[in-house]
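Structure first, then comments.
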Amino acid sequence: MKCPYCGSLETRVVDSRYSEDMEAIRRRRECQSCGKRFTTYERVEIAPIIVIKKNGEKEEFDPEKVRKGMLKACEKRPISDEDIDIAVQEIERALRNRDSIEVSSMEIGEMVMEKLRAMDKVAYIRFASVYREFEDVETFEKEIKKLMEKYGGR
Ligand SMILES: [Zn+2]
């Protein structure tokens, strides 16, 4: 969103909330160049799901991102694109049926892992390894251990 004061494209959303009639999202934005703040209203056809990222930034939920992540994890695995589409739809539906319009990116990650775990062990480990990369090694090892116990591997 272009800054109305200096024209910079480098703006940051500092607050995001529904308007009173629930038909728009009111965003407070701050220009990264001149530091001035302004408000934008986003009208929507369906209420968006707001994802809170690990760094605290908010963005609209994008099912395409989830789909791409799952596709990558399922590469060369016996999982059809259709299976992935269904899983993404189920995740989106579950998100829409929550009480809150906000969800943390971590919760979405957990939901994806849950789906992959049921679909394909290898895809699950791949996704988990990438997803946990920014957490800690211990968590990842625990996940692997849990898997190995479950499937009786070493
Ligand atoms: Zn500006």
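Cβ under 13 Å from Glu10's Cβ, Glu10 left aside: what net charge do those residues give with Lys, Arg +1 and Asp, Glu -1?
Summing Lys and Arg as +1 and Asp and Glu as -1 gives +3.
Using the beta-carbon distance between Arg17 and Ser129 and R0 = 30 Å, what value does 1/(1 + (r/R0)^6) give for FRET efficiency, to the nearest 0.05?
Once the sixth-power term is evaluated, E becomes 0.25.
For a distance above 18 Å, tell me the whole-number percent of Cα pairs in region 2-47 that qualify.
32
Residues with beta-carbon under 12 Å from that of Met111, excluding Met111: net charge, scoring Lys, Arg +1 and Asp, Glu -1?
Around Met111, the surrounding residues sum to -1.
Give, as ranges by residue number, the residues of region 115-131 whose backbone N falls under 17 Å from the point 7 Å along Cα→Cβ of Ser100.
Those under the cut-off are none; the list is empty.
Return a whole-number percent for the relative contact order of region 1-45, with Cα pairs under 8 Å and 6 or more residues apart as the contact set.
33
For the pair Val122 and Met1, what calculated FRET efficiency results from E = 1/(1 + (r/R0)^6), where r is the Cβ-Cβ distance and R0 = 30 Å, to the nearest 0.05?
With a Förster radius of 30 Å, E is 0.15.
According to a simple spin-label model (label point 7 Å from Cα along Cα-to-Cβ), what is the distance in nm between Phe38 and Glu60?
1.9
Values in this text are rule-based calculations from the coordinates and carry no lab data. As the structure is a computational prediction, the values presented were derived from the model and not from experiment. We place every Cβ from the backbone using ideal geometry, glycine too, and count neighbours over all the protein chains shown.
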